[in-house]
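The values are calculated or read from the model by the stated rules, or taken from the named source; none is laboratory data. Everything quoted here is computed from the prediction, not taken from an experiment. No Cβ is skipped: glycine too gets one built from the backbone with ideal geometry, and neighbour counts run over all protein chains shown.
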Amino acid sequence: MTNIKIERITSADSSTAEAISLLLKQLSSQEFIFTERELAALINDSSSSLFLLFAEGKIAGMLTLGTYLSPTGRKAWIEDVVVDSIYRGKGYGKMLVEHAIGYARTLSPCTLMLTSNPARIAANELYRASGFEQKITNVYKMSF
């Protein structure tokens, strides 16, 4: 049986930043070079929690949970969920999402949300199977 653990990352180092860069290449067609400095900024931001899934001591997946408080209550967003291609099909994505759900429950009352590209069929099936309901809304973005 594979030794699996999920940890909230609290310290930055270059090997972790490099592993995250490799995962980001599998998540998006955009080029991301994730540095140790960016990792330190992420884990030191009180509104962000970075969770890494380790399989046999190697980083096999990640998920970020962002939180904020608004007049309509506490919100949490799941972002950047990715499992390394060599580890897919083992339920690790589900483990990461369930871990994030458990963490978000500790923030209750809270609304947990995420977005997912419709082309990511397996991811969308995972989110529905995990209890998420599709919200009918438009998502807009502005990049600077």
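Just one of the listed residues (Ser11, Ser29) is within 28 Å of Leu107 (Cα to Cα) and either of a type in the set (Lys, Arg) or surrounded by fewer than 16 Cβ atoms within 10 Å (Cβ to Cβ) (or both), and it is Ser11. Residues in the range 43-88 that are in contact with a Leu (Cβ under 9 Å, 6 or more places away or on another chain) and without any contact (Cβ under 8 Å) to a residue 24 or more places away in the chain: Ser48, Thr64. Residues that are free of Cβ contacts under 8 Å to residues at least 24 places away in the same chain, farther than 25 Å from Ala119 by Cα and surrounded by 15 or more Cβ atoms within 10 Å (Cβ to Cβ) within the range 14-26 comprise Ala17, Glu18, listed in sequence order. Could you tell me whether Ser21 is in contact with a Phe, Trp or Tyr (Cβ under 9 Å, 6 or more places away or on another chain) and more than 25 Å from Arg105 (Cα to Cα)? Spelling it out, Ser21 is indeed in contact with a Phe, Trp or Tyr (Cβ under 9 Å, 6 or more places away or on another chain) and more than 25 Å from Arg105 (Cα to Cα). Taken together, the residues in the range 123-139 that are within 23 Å of Arg88 (Cβ to Cβ) and in contact (Cβ under 8 Å) with a residue 24 or more places away in the chain amount to 6.
Can you tell me which of Arg37, Arg74 is basic (Lys, Arg) and within 23 Å of Thr115 (Cβ to Cβ)? Can you show your working first?
Numbers: Arg37 fails: within 23 Å of Thr115 (Cβ to Cβ).
Step by step, each of Arg37, Arg74 is checked, and only Arg74 is basic (Lys, Arg) and within 23 Å of Thr115 (Cβ to Cβ).
Within the range 1-25, restricting attention to residues that are modelled with pLDDT of 95 or more and in contact with an Asp or Glu (Cβ under 7 Å, 6 or more places away or on another chain), the residue that is nearest to Lys94 (Cα to Cα) is Leu23.
When only residues in the range 19-37 that are within 24 Å of Arg120 (Cβ to Cβ) and of a type in the set (D, E, K, R) count, which is farthest from the chain's Cα centre (by Cα)? Going through the qualifying residues, I end up with Glu31. Within the range 101-112, residues that are in contact (Cβ under 8 Å) with a residue 40 or more places away in the chain sit with their Cβ atoms under 7 Å from residues that are surrounded by fewer than 16 Cβ atoms within 10 Å (Cβ to Cβ), at 6+ positions apart or across chains, in these pairs: Leu107/Arg74; Cys110/Arg74.
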